[in-house]
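Quick one: structure below, then a few questions.
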Amino acid sequence: MRLDVFSRKLVLLVEDEPLIALDIEQHLRKSGARVIAAANLEAALSMATHPHLSAAIVDLRLGQDSAIALCRRLVARSIPFIVHTGYAADAVQQEWPTIPVIQKPATPQMLIASLARSLSVREGREEHPVQNL
């Protein structure tokens, strides 16, 4: 199902589990998004500088690395994102209490719906602003 909010949007998908990444990527593409994907922190930090980046889904734990530095880069660029993790996300919730944190396991539809809400807020389609974005 295509969603207008994703039309022509470039979404960064950061996930180190290949099957989960593939499933989410396919659903994002069906929703109308263009997708770039990273499986490690170094690639994600590089991709986060893409000039046309619109939003991101971030797995907080990438192997032994934490994606907090990536979250900071996205916030600095005012890129809306959601966190998808199987670990505690206390650092994200303390620093950015309005960033959606979705615990694994979650369906791709749940992630896409949450990211769509974040994009809508960013684009002024919803009344409630997201802090630090």
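Examine the range 54-68 for a residue that is over 11 Å from the mean Cα position of the chain (by Cα), without any contact (Cβ under 8 Å) to a residue 24 or more places away in the chain and surrounded by 14 or more Cβ atoms within 10 Å (Cβ to Cβ), and state whether such a residue exists.
Checked the range 54-68: no residue is over 11 Å from the mean Cα position of the chain (by Cα), without any contact (Cβ under 8 Å) to a residue 24 or more places away in the chain and surrounded by 14 or more Cβ atoms within 10 Å (Cβ to Cβ).
Looking at the range 87-96, which of the residues that are assigned to a loop (DSSP other than H, G, I, E, B) and surrounded by fewer than 14 Cβ atoms within 10 Å (Cβ to Cβ) is modelled with the lowest pLDDT?
Going through the range 87-96, the residues assigned to a loop (DSSP other than H, G, I, E, B) turn out to be 87-89, 96.
Among the residues that remain, those that are also surrounded by fewer than 14 Cβ atoms within 10 Å (Cβ to Cβ) are: 87-88.
Working: 87: 85, 88: 81.
Ranking the qualifying residues of the range 87-96, first place goes to 88.
Next question, about the same structure. Does any residue in the range 92-121 that is within 14 Å of residue 4 (Cα to Cα) and of a type in the set (Gly, Ala, Ser) come within less than 6 Å, Cβ to Cβ, of a residue that is modelled with pLDDT under 90 and not in a loop (DSSP other than H, G, I, E, B) six or more places away or on a different chain, and which pairs are these?
Qualifying pairs under 6 Å: 116/5; 120/5.
Taking the residues in the range 97-133 that are in a loop (DSSP other than H, G, I, E, B) and modelled with pLDDT of 90 or more as candidates, determine which candidate is farthest from residue 66 (Cα to Cα).
107
The values are calculated or read from the model by the stated rules, or taken from the named source; none is laboratory data. The shown structure was predicted, so the numbers you read here are calculated from the model rather than taken from an experiment. Because the Cβ atoms are built from the backbone with ideal geometry, glycine has one as well, and the counts that use them run over all protein chains shown.
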